[in-house]
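The structure is given below, and queries will be raised subsequently.
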Amino acid sequence: MNKENRILINGNSQNSLWGFFIVLILLVAPLSQVTAGVLVAPSVIVLDGKAKTGRMNLQNPSNSPKEVSISFSFGIPESDSMGNVNIFLRDTAITDPRSALGWVKAFPRKLIIPPNGSQVVRFIARPPKGLEDGEYWVRVVVESQEGITSIPTATDAEQITTQLNMIMRTAVMLKYRTGELVAALEINGTDIVYNESTIDVIVDMKNKGNVSYIGLLECRLLDANKKEISKHHLQLAVYRDLKRKITLPLVEGNFQKPYSVAVSITNKGRNDIPANEMVFGNELSEIVALNE
């Protein structure tokens, strides 16, 4: 599951200085005070070519009603050359052939959830004819209005009033699957970047299947005798090309050089995703020698 929070400030003020203080209040306030919204489950919604329908549960854990709207955008994980990953949501000019934007609908699109209440949102896919086998993607964007907050006036004489309209935005991946599904990944290369007391392992991957490759990436730093110095793993979601970075500490100890890094990728062991929603595919491993 991937999330994006945004605070929107709407209001009118007769004093620009007060506008500055309003923004300052939002910046220094504890995050939990300004982003308490609705709870969304599941974190990934999967539809298939047989049923073409699905559902999402929204829960309001607060003591005040929440106004919620549902919309759609397209966005998949993208990385830079150093393996830093971002998701950019786009509503127009989508050229990705795996986009489901425009043919997945939600019911209802706007709703009010009472205090401590819940609501089911249903989805239906109306794919175009002649769709190729594989997986298609769209982000379900859930926006919940956090209510109106009034800022106290400076003095009775100035009569300054400002209202803050705070909104939480959550983007949940929806996947539509049809036909024969293939999960396949390829490693294009692995780069090593030395730091003072750590090394960065940047793994360049390419999706060779017709579904997103969901799995685990693990890197182990080994000495000349294959003795483990350090290791780390992270969850993986490769939709197109993607680079991911794992930082390994250079731990002091009775280790013999030269060092190497063991890289392994598998899409088994993801206990956070139901087994019936996984598309299992190939596993990869390689040893990268470290040259100092």
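Please work out which residue is nearest to residue 192 (Cα to Cα), limiting yourself to region 259-292 and to residues that are part of a loop (DSSP other than H, G, I, E, B), modelled with pLDDT of 95 or more and of a type outside the set (Gly, Ala, Ser). Spell out how you get there, then give the answer.
Initial filter on region 259-292 (part of a loop (DSSP other than H, G, I, E, B)): 259, 267-274, 278-283, 290-292.
Next, from what is left, pick out any that are modelled with pLDDT of 95 or more: 259, 278-283.
Checking which are of a type outside the set (Gly, Ala, Ser) leaves us with 259, 278-280, 282-283.
Numbers: 259: 12, 278: 31, 279: 30, 280: 29, 282: 24, 283: 21 Å.
If we take residues in region 259-292 being part of a loop (DSSP other than H, G, I, E, B), modelled with pLDDT of 95 or more and of a type outside the set (Gly, Ala, Ser), then 259 is nearest to residue 192 (Cα to Cα).
Considering only region 256-272, state which residues are surrounded by 16 or more Cβ atoms within 10 Å (Cβ to Cβ) and within 26 Å of residue 88 (Cβ to Cβ).
265, 267, 270
Taking residue 125, is it within 22 Å of residue 182 (Cα to Cα), more than 21 Å from the chain's Cα centre (by Cα), assigned by TED's automatic domain parsing to the domain that holds residue 174 and without any contact (Cβ under 8 Å) to a residue 60 or more places away in the chain? Break it down stepwise before answering.
Working: within 22 Å of residue 182 (Cα to Cα): yes; more than 21 Å from the chain's Cα centre (by Cα): yes; assigned by TED's automatic domain parsing to the domain that holds residue 174: yes; without any contact (Cβ under 8 Å) to a residue 60 or more places away in the chain: no.
Taking the combined requirement at face value, the residue does not satisfy it.
Restricted to region 205-255, and to residues that are modelled with pLDDT of 95 or more, farther than 30 Å from residue 49 by Cα and of a type in the set (S, T, N, Q), which residue is surrounded by the fewest Cβ atoms within 10 Å (Cβ to Cβ)?
Checking each candidate, the answer is 225.
Ok, one more. Mind checking which residues of region 227-240 are without any contact (Cβ under 8 Å) to a residue 60 or more places away in the chain, of a type outside the set (Gly, Ala, Ser) and in contact with a strand residue (DSSP E or B) (Cβ under 8 Å, 6 or more places away or on another chain)?
Start the filter on region 227-240 by keeping residues that are without any contact (Cβ under 8 Å) to a residue 60 or more places away in the chain, which leaves 227-236.
Still in the list and also of a type outside the set (Gly, Ala, Ser): 227-229, 231-236.
Result: 228, 229, 231, 232, 233, 234, 235, 236.
Here is a further query. Mind checking which residues of region 239-258 are under 19 Å from the mean Cα position of the chain (by Cα) and either outside any loop (DSSP other than H, G, I, E, B) or at positive phi (or both)? Full working, then the answer.
Quick first cut of region 239-258, residues under 19 Å from the mean Cα position of the chain (by Cα) only: 239-246.
Answer for region 239-258, where residues must be under 19 Å from the mean Cα position of the chain (by Cα) and either outside any loop (DSSP other than H, G, I, E, B) or at positive phi (or both): 241, 242, 243, 244, 245, 246.
Still on this structure: Restricting to region 58-97, count the residues that are assigned to a strand (DSSP E or B), free of Cβ contacts under 8 Å to residues at least 40 places away in the same chain and among the hydrophobic types (A, V, I, L, M, F, W, C).
Taking region 58-97 first, the residues assigned to a strand (DSSP E or B) are 58-59, 66-74, 77-79, 85-87, 90.
Those still in the list that are free of Cβ contacts under 8 Å to residues at least 40 places away in the same chain too: 86, 90.
This time we only want the ones that are among the hydrophobic types (A, V, I, L, M, F, W, C), so: none.
The number of residues fulfilling the criteria is 0.
Do you know which of the residues in region 246-291 that are of a type in the set (D, E, K, R) and without any contact (Cβ under 8 Å) to a residue 24 or more places away in the chain is farthest from residue 204 (Cα to Cα)?
So the residue we want is 252.
The values are calculated or read from the model by the stated rules, or taken from the named source; none is laboratory data. Keep in mind the model is a prediction, meaning the values are calculated, not measured. Here the Cβ is made from the backbone with ideal geometry for all residues, glycine too, and neighbour counts use every protein chain on show.
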